[in-house]
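Below you'll find the structure, written out as structure tokens, and then a few comments.
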Amino acid sequence: MTRHRGNSRVAWCVAALLSLSAGVARAEPSADQAAAAESLFREGRDLVAQGKLAEACPKFAASQRLDPGYGTQWNLADCLERLGRTASAWAAFREAADMASRAGQADREAKAARRAADLEKRLERLAIAVSAPADGLVVRRNGAVLDAGAWGAALPVDPGKHRIEATAPGKKAFSVEAQTAGPGKVVTVAVPPLEDDPAASGASAAAPPPPGGPAAPAPGAPLRPAAGGDGDGGASTRRTLAFVAGGVGVAGVVTGSIFGLIASARWSRAQDDHCRTETLCDAQGVALVDDARSAATLSNVGFVVGGVGLAAGVALFVTSLGDAQPAAARIVVTPAIGTTGGGLGIQGRF
């Protein structure tokens, strides 16, 4: 009976440790973010009640960015539809349906999908056709860059006027304002071949880049991150993962330390008061020894998880530093496991 109870404790505590690790990996919003999100959500609801939809929708959007949730997404989509922004509302309801699907909430998914389907029938679309794209051509719709793969596609847009701009190095810019034509209709804007801009060519010849220095971007050319920068988010992502892994490692070390202390205390009590030798004990001594072994197992599991998490966190953080980190820097985290607990060995060279 005692051994069965000890094994049950092992299983329960391992599950608790894994749950703690999963909670860290989800990167839940901080208490300040959650409080701000709740406050913004309530402001949005109050503004809707007052009929101030143009002010309410940005509140819901800001709340959703801080602490995403189905309820906030649904209110944002409903607000956008009531404001007449059918394409934005359609996309928001589809996102709400996806959130419900991932959460296994079939009723909510169906409800959001129905709203999206109703809106899809009323969508107005805008296509931007590019017949002869110049080198480095950038097309913008309402100031946002439109991916080349979307050129020519009839994309849903909110009703009203939309500003279309096209720029390329050494070319004169093109811009036009297009008005949507109503539900179910498509408006096509043709971007003509851009004309050469003699003024831009002359300015480039008169002011060459300094020797050995970086070339200045041409007018209208898309900005690109500098070499070695974090433009693709790779280094930033690795740093985020480093902190997540480090959090899991710290949780494992704390758990291992706690159960290591418990194991040591139970073992000492058994040997001091209830055992003549390490194997000859009375009934209470046997129970204490079993509990000590169970706690030692949990301690070892905690330290192994902690060691792996810390090692992964250090490795990810070091690689995220790029050239700023000396190549010779090295940190090694080694779990140390024993019969009555565990620990970590950390060695470093910089």
Self-check item: Ratio Rg/Rh, restricted to the stretch 69-156 and using Cα atoms, in which Rh is the Kirkwood radius
Solution: 1.10
Exercise. Label the stretch 29-121 by shape, choosing from rounded, prolate and oblate, from the square roots a ≥ b ≥ c of the eigenvalues of the Cα gyration tensor; if a/c is under 1.5 it is rounded, and otherwise prolate applies when a/b is larger than b/c, oblate when it is not.
Key: oblate
Quiz item: By how many nm would the segment from residue 131 to residue 254 grow when fully extended, if each residue of separation counts as 0.36 nm and the alpha-carbon distance is taken off?
Solution: 38.0 nm
Quiz item: What pairs from 121/172; 111/185; 52/172 go past 31 Å between their alpha carbons?
Solution: 121/172; 52/172
Quiz item: Under the classification rounded if a/c is under 1.5, otherwise prolate if a/b is larger than b/c and oblate if not, where does the stretch 102-145 fall, given a ≥ b ≥ c as square roots of the Cα gyration tensor eigenvalues?
Solution: prolate
Practice problem: Rounded to the nearest 0.05, what FRET efficiency do residue 91 and residue 30 give with R0 = 22 Å and r taken as the Cβ-Cβ distance? Could you check? | Solution: 0.20
Self-check item: Virtual spin-label span in nm between residue 181 and residue 284, 7 Å along Cα→Cβ
Solution: 9.1 nm
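Every number here is computed from the coordinates shown, using simple stated rules; none is lab data. Predicted model only: the values in this text are computed from it and were never measured. In this analysis, Cβ positions are derived from the backbone assuming ideal geometry, glycine residues included, and neighbour counts consider all displayed protein chains.
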